[in-house]
Amino acid sequence: MISGPRRRLAALAALITLGLGAAAAHAAAPTPFTRLMGLFAARRHGEVTFLARTYARGLTRPLVSSGVLGYRAPDHLEQHTLKPVPSALIVDGERLTVRRGGHTRRLDLRDYPDIAIYVDAMRDTLAGRGARLQRLFAVGFTGTLAHWQLTLTPLRSDAHVRQIRLAGAAADIRSIEILAPHGARTLMRIGPPPAS
């Protein structure tokens, strides 16, 4: 027969073991953010249409542009603006290619941290790299996989982007809002893939 103090010690050990087991099970359960990152990681490419409105001080009405966005895993992004002026931004790894008016310019993203922060947000989200997002941004997730919002606030205090907000359903991004200092913002609505 176990004595009183030893019985209490055994009971306490059992409770601790059960508590640790429950905590481990809880820690292992994927969060909605983790599941969302898994959905993005499973998608290797995509193409959608966009309509963007940029609001800034001094503008009497927003600047409106539209075109096509493309992604190919793990680090290729394209933005082809069709209206009002045709242009293209293409990101491959750390290289940014800008095409406009018959001119092409190639830049190294490492030399342009204000552009790189936006590119990192989009690329890491689309690639499902949640851990990297959390190293670069304070990440906020609300909603469910059926209807979610992701808020990315750069951890760098000198970032040109104040916050990036993405909203969507499952692995489909429906809107992207970029908040810049001094009240400027761009709201991009994402539509279906372009017609063939």
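The values are calculated or read from the model by the stated rules, or taken from the named source; none is laboratory data. None of these values were measured; they are calculated from a predicted model. We place every Cβ from the backbone using ideal geometry, glycine too, and count neighbours over all the protein chains shown.
Quick notes on this structure:
- If you go through the range 150-174 and keep only what is in a strand (DSSP E or B) and closer than 19 Å to ILE117 by Cβ, you end up with LEU150, THR151, LEU152, THR153, PRO154, GLN163, ILE164, ARG165, LEU166, ILE173.
- Scoring GLY46 on the criteria (1) surrounded by 12 or more Cβ atoms within 10 Å (Cβ to Cβ); (2) at pLDDT 95 or above; (3) of a type outside the set (A, V, I, L, M); (4) closer than 23 Å to ARG174 by Cβ leaves a single failure, condition (2).
- Selection count, the range 51-70, where residues are surrounded by 14 or more Cβ atoms within 10 Å (Cβ to Cβ), touching a residue at least 24 places away in the same chain (Cβ under 8 Å) and in contact with a His (Cβ under 9 Å, 6 or more places away or on another chain): 3
- Within the range 152-172, tally of residues that are under 16 Å from THR34 (Cα atoms) and surrounded by 17 or more Cβ atoms within 10 Å (Cβ to Cβ): 5
- Scan of the range 139-149 for residues that are surrounded by fewer than 19 Cβ atoms within 10 Å (Cβ to Cβ) and either touching a Pro at 6+ places or on another chain (Cβ under 8 Å) or within 16 Å of ILE115 (Cβ to Cβ) (or both), ordered by number: PHE141, GLY143, THR144, LEU145
- Number of positions in the range 75-103 that are in a strand (DSSP E or B) and either outside the structural domain of GLY128 (by TED's automatic domain parsing) or touching a helix residue (DSSP H, G or I) at 6+ places or on another chain (Cβ under 8 Å) (or both): 4
- Selection within the range 71-98: residues that are of a type in the set (Lys, Arg) and closer than 15 Å to ASP120 by Cα. The member of this set that is surrounded by the fewest Cβ atoms within 10 Å (Cβ to Cβ) is ARG95.
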